[in-house]
Amino acid sequence: MINQFIIDTFAGVLPEWLIALMTGVTGAVGVLLFALSCALAAIWIERKLIGRMQIRYGPNRVGPKGLLQPIADAIKVIGKEAITPFGVDKVVYAAAPLVIFIPALLTFAVVPFAPGAALLNVDIGVLFVVAVGALGVMPIFMAGWASNNKYSLMGAMRAIAQTVSYEIPLVLSLVGLVLMAGSFKMEDLVLYQIENGWFLLLQPLAALIFFIAASAELNRTPTDIMEGESELAAGYHTEYSGFKFSLFYATEYTHVFAVSALISTLFLGGWGTGPVLDQVPAIIWFIAKTYLLFCVFVWTRATLPRLRIDQLMAFAWKFLLPLSLVNIMLVAVLVELNLPGIVVFAVNAVLAVVLIKGWAGLLSARGATVEQRVYIRPAAAQ
Amino acid sequence: MVTANPFLVNMGPQHPSTHGVLRLRLVLDGEKVLNVEPVLGYLHSSKEKLQEEHTYLQTVPITDRMDYLAAMSNNLGVALAIEKLAGIEAPERAQYLRVIMAELQRVASHCFAQAVFLQDLGAWGGPLMYFLREREQVLDIFEMVCGARLTYNYIRPGGVSQDVPPEFLPAVHGFLATFPKKLDEYEGLLTKNEILRARTVGVGVISRELALSAGFSGPMLRGSGVDWDLRKQDPYCVYDRFAFDVPLGHVGDCYDRFMVRFYEIRESLRILHQALEQLPPGEWKTPVPIVIRPPAGEAFQLIESPRGMLGYYLVSDGGAAPWRFHVRAPSFLNLGALNEMLVGSTVADVVAIVGSIDIVMGEVDR
Amino acid sequence: MVGSGILGGLITVLRHVLQKPYTRQYPEEAVPLKGRFRGYDFAWSEERCTGCATCAKACPHGCIDIVTDPLPNGRYNIDVFDIDIGKCMVCGLCVEVCPYDALFMGADFALASERRWDMVQHKQDIGSRERLSAYFRPAFGNEIAVRNELRGDYTTSKGVAKPAAEEKKA
């Protein structure tokens with residue numbers, strides 16, 4: 001909108017490259033502001049929601065309903081002493097919190113907020129997202145390695161193993177979408193969904209795999225083993241304090257928001273509303289979906305225990321990877337048959353349930369004995 | 001197979017999940033534990049020696065501070081030991097009140113144990129707070145009875161310090177009416193959870209033989225399937241008048257211990273129902289001098305505290321203070337087989353296993 | 001079905017979102033103390049006290065300091081009656097052993113001081129306390145309740161009676 005205004009006003013007055021630069025800068029600043037304000041809102045939402053899930057009030061002291069709590073948090077964290085522990089690799093130690101912010105932010109670049117409102121409307125949006133997502137592990141390893149702390153190092157080792165493993169099902173689950181829509185462009189994917197129905201319905205299996213794999217990449221419970229508060233103190237950012245820590249903290253929320261935005265673009269129809277409710281602006285729909293997804297992430301975090309690293313890896317390689325491969329074949333066949341949307345939905349939903357159940361049953365054949373454990377034994381048996 | 005150099009990690013004394021100040025020197029190969037050496041004594045406060053400087057009545061409030069999550073059980077143990085030593089008989093109402101308090105304490109303590117175990121597994125959200133909410137109800141009842149929420153100093157040699165207030169019975173009945181439903185809800189929330197099962201089933205297995213030879217007791221022992229509950233085997237107070245079952249585990253893994261605690265809460269509620277029904281009127285304390293001077297001799301009393309067999313060994317030389325005061329602390333002995341349980345597991349399992357032991361460092365180090 | 005346990009747990013947690021928070025907003029909304037609550041602010045009656053120092057002997061940590069002076073009428077004048085609540089562990093033994101019902105536990109807990117010596121409560125402080133605890137003084141129950149204007153707290157305990165009321169509704 002602002003960009004359109006710039007173009008309208010200065011067209012003919014200024015050279016074209018300058019206009020391009022100006023629109024680029026305003027867009028980038030807009031996205032940056034959006035991401036940061038989302039991170040602040042996210043802190044409030046998560047603390048409030050988790051408070052309510054724990055039958056507490058959550059923050060309610062600073063400002064109305066505690067709305068200023070994130071700002072108070074930020075002031076507190078920044079006001080703390082920045083400690084550089086003995087024996088750290090100073091350059092890498094200082095660089096890690098700066099670098100970690102970039103991948104989270106870059107994801108926003110290709111997400112279309114509304115029709116035509118993506119900062120970078122590249123043809124390979126999906127590939128870009130995958131590439132940038134994989135980048136996120138590097139600063140974590142930098143932080144863990146440079147901290148000169150064994151807990152940090154273990155957190156970093158876990159982070160690498162986990163991210164590399166979950167990258168594969170993450171990418172494979174996106175292949176199905178690309179097959180159906182026939183394009184790598186984010187906007188095309190959204191347009192396809194507006195026409196044919198959300199990918200959440202068309203490919204429920206892919207949506208589930210993507211959600212799980214993405215939450216693993218975000219290191220949220222149940223897959224937050226790289227932070228693992230009760231195991232590794234705080235994982236890779238154990239040794240950070242003050243402003244550097246606040247960057248890790250803000251990044252965590254920005255990243256969750258980036259992934260929520262991605263999921264709402266890829267699986268929930270982006271800005272599209274379906275056949276009805278077209279009166280509300282597209283961007284509102286998009287943001288509403290993103291916040292809803294964020295709440296789902298918070299919800300899982302408040303409920304579930306954490307998996308062990310070997311179980312997490314086994315889950316990626318033995319469960320998600322085969323299922324995502326099957327999903328690709330399935331989608332390829334369905335695309336080839338060119339069936340109507342409702343049939344695709346029915347077939348996919350049924351197959352998803354059958355596949356998950358069957359595969360899980362196959363994997364956990366040994367675990368069936370737990371149900372048979374009887375704790376109160378009849379008196380005669382004793 | 002790539003092997004790394006083993007490296008040493010100090011888990012604790014300052015660590016989020018070592019239940020206070022337990023320190024484990026772990027030798028790790030990547031995630032695998034090669035060796036573990038527990039280091040104790042960070043909370044040592046010389047309580048046993050301190051007791052030898054106090055009169056018998058004054059020992060009771062100090063036992064509160066040992067196992068601070070089950071202070072009623074500690075009070076009960078030391079009171080029974082002193083009664084044995086001095087030949088005091090507590091009236092029947094006091095015996096019933098003691099059973100009621102001990103069982104309420106078991107409910108509170110197990111609720112806390114479950115909550116902390118879940119916290120250790122990484123479920124840092126809801127489940128923890130739900131269990132703490134239920135524990136809070138028991139603490140309210142205790143506050144009503146004896147004026148304190150954590151260190152009760154209620155059960156004394158010769159009975160209990162004072163009779164329960166009139167609002168006590170309705171409060172306990174109210175608790176018994178609402179709690180089982182909540183417990184069912186939480187059990188549904190937790191025990192069927194696949195992640196929790198994945199983390200606990202087959203983890204930290206203690207065989208029957210190891211459990212017996214290491215001197216385990218309480219849910220640790222019963223989780224391994226050994227039918228040993230002092231309330232059944234060697235009933236003290238009036239436990240022989242109640243019908244209740246002893247839940248037993250099958251394999252001896254963390255899941256068994258977790259479930260045994262769940263079932264023990266239910267059995268405690270059963271005992272509470274019966275005890276409230278049979279609660280006789282009458283005196284709640286036999287007159288006992290402020291300074292008890294038992295005849296020279298010794299006494300040993302074991303009770304079933306929420307963590308296991310809690311024993312008090314007293315030696316009297318006829319004076320006003322015990323000549324020797326020794327505590328058989330179940331938390332301490334339950335740590336006895338850490339090496340066998342932890343070696344070969346991963347760092348995440350270490351946290352789960354230590355959490356399932358349910359230690360209280362105040363009791364371990366005394 | 002795999003995942004049903006996780007889903008059930010998620011729904012249980014979601015149900016709790018709609019419940020009223022269990023925590024209290026402390027400075028504004030205090031937990032009603034039970035009548036027998038054992039607080040640090042001891043109360044003492046100079047008229048009843050004979051200066052026998054049984055309380056001082058019963059105290060496990062020796063917090064109580066008593067200095068007496070014989071009076072011509074055979075009684076004792078109590079020159080010093082100090083309780084060092086910095087050492088006190090609120091076991092209540094001093095109150096229990098008092099043969100003359102002269103010492104009471106307090107009914108408050110929000111005490112703080114900046115200096116260690118401010119934690120020693122002197123004769124005039126503990127002699128002029130308004131609020132008392134009914135701990136080990138059931139005979140004084142009504143008198144204490146009237147004095148504390150906490151009768152509701154003493155006869156019914158709101159915190160625990162509440163679930164029973166909920167039960168009736170359900």
Handout entry: Förster radius 30 Å - calculated FRET efficiency between C:Ala139 and C:Val80, Cβ distance, rounded to 0.05
Key = 0.60
Exercise for the section: Give the interface area between chains B and A as buried accessible surface, both sides summed, probe 1.4 Å, in Å² to the nearest 100. Expected result: 3800
Practice task
Check the straight Cα-Cα distances from A:Lys357 and name the lysines below 24 Å, setting aside those fewer than 8 residues away within the same chain.
Solution key: A:Lys318, B:Lys192
Handout entry: Sum of side-chain charges, A:Val130 neighbourhood, beta-carbon under 12 Å (Lys, Arg +1; Asp, Glu -1)
Key = -2
Problem - Environment charge of B:Val226, counting only residues whose C-beta is closer than 11 Å and scoring Lys/Arg +1, Asp/Glu -1 - result: -1
Problem - Phi to ³J(HN,Hα) by Karplus 6.51 cos²θ - 1.76 cosθ + 1.60 over segment A:243-254, Hz, x for Gly, Pro - result: 5, 4, 5, 4, 5, 4, 5, 5, 4, 4, 6, 4
Handout entry: Alpha carbon centroid spacing (whole Å) that separates segment B:216-293 from segment C:67-92
Key = 43
Fill in the blank from the handout: Charge tally for neighbours of C:Cys91 with beta carbon under 12 Å away, counting Lys, Arg as +1 and Asp, Glu as -1, is +2
Completion exercise
Note on segment A:26-148: alpha-carbon gyration tensor, axes a ≥ b ≥ c; rule is a/c under 1.5 for rounded, else prolate if a/b larger than b/c, else oblate; result oblate
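At 1.4 Å probe size, put A:Glu231, B:Glu136, C:Glu114 in order of accessible surface, largest to smallest.
Details: A:Glu231 0, B:Glu136 60, C:Glu114 165 Å².
Largest to smallest exposure gives the sequence C:Glu114, B:Glu136, A:Glu231.
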Practice task
Within a 10 angstrom radius of each residue's Cβ in C:132-140, how many Cβ atoms of other chains show up on average? Whole number is fine.
Solution key: 2
Problem - Pairwise label distance in nanometres, A:Trp317 with B:Trp323, each label 7 Å out on the Cα-Cβ vector - result: 6.6
Fill in the blank from the handout: Among GluC sites (Glu not before Pro) in segment B:278-308, those in a DSSP loop whose Cβ has at most 16 other Cβ atoms within 10 Å are B:Glu283
Exercise for the section: Pull up all non-local amide H partners of B:Thr151: gap of 5 or more, or a different chain, and H-to-H distance under 5 Å with H placed in the peptide plane. Expected result: none
Problem - FRET efficiency for B:Asp184 and B:Val39, using Cβ-Cβ distance with R0 set to 51 Å, rounded to 0.05 - result: 0.80
Handout entry: Calculated FRET value between A:Leu351 and A:Asp123, using beta carbons and R₀ = 35 Å, to 0.05
Key = 0.65
Problem - segment B:37-126 shape via C-alpha gyration tensor axes, a/c threshold 1.5 - result: oblate
Problem - Gyration tensor (alpha-carbon) shape descriptor, segment B:151-257, a/c threshold 1.5 - result: oblate
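Name the GluC sites (Glu not before Pro) in segment B:67-112 that are in a loop by DSSP and that have at most 16 other C-beta atoms within 10 Å, would you?
Sparse-neighbourhood loop GluC sites (Glu not before Pro): B:Glu89.
Summed for both chains, how many Å² of accessible area, to the nearest 100, are buried between B and C with a 1.4 Å probe?
Accessible area lost upon association: around 3300 Å².
Kindly report the accessible area of segment B:33-158 per residue (heavy atoms of protein chains, probe 1.4 Å, no ligands, DNA or RNA), in Å².
With all protein chains present, segment B:33-158 gives 23 Å² per residue.
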Exercise for the section: Quick one: accessible surface of C:Cys98, probe radius 1.4 Å, all protein chains present, in square angstrom to the nearest 10. Expected result: 20
Fill in the blank from the handout: Of A:Ile168, B:Ile359, ordered by accessible area with the largest first and a 1.4 Å probe, the sequence is A:Ile168, B:Ile359
Practice task
Using a 1.4 Å probe and ignoring any ligands, DNA or RNA, find the accessible area of A:Ile83 and quote it in Å² to the nearest 10.
Solution key: 90
Handout entry: Label point distance in nm, C:Lys87-C:Trp117, each placed 7 Å from Cα along Cα→Cβ
Key = 1.7
Exercise for the section: At a Cα cut-off below 24 Å, give the lysines reachable from C:Lys20, other chains included and same-chain residues fewer than 8 away excluded. Expected result: A:Lys48, A:Lys65, B:Lys181, B:Lys182, C:Lys34, C:Lys158, C:Lys162, C:Lys168, C:Lys169
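What is the percent carbon and sulfur in the accessible area of the protein assembly as shown, measuring with a 1.4 Å probe over the protein chains and ignoring ligands? If you can, show how the numbers build up before the last one.
Working: 23870 of 37550 Å².
Of the solvent-accessible surface of the protein assembly as shown, carbon and sulfur hold 64 percent.
The values are calculated or read from the model by the stated rules, or taken from the named source; none is laboratory data. Being a predicted model, the structure only gives us computed values, none of them experimental. Note that we place each Cβ from the backbone using ideal geometry, even for glycine, and neighbour counts take in every protein chain shown. To get the accessible areas, we keep the full protein, side chains included, count just its heavy atoms, and leave off ligands, DNA and RNA. Shrake-Rupley method; radii C 1.70, N 1.55, O 1.52, S 1.80 Å.
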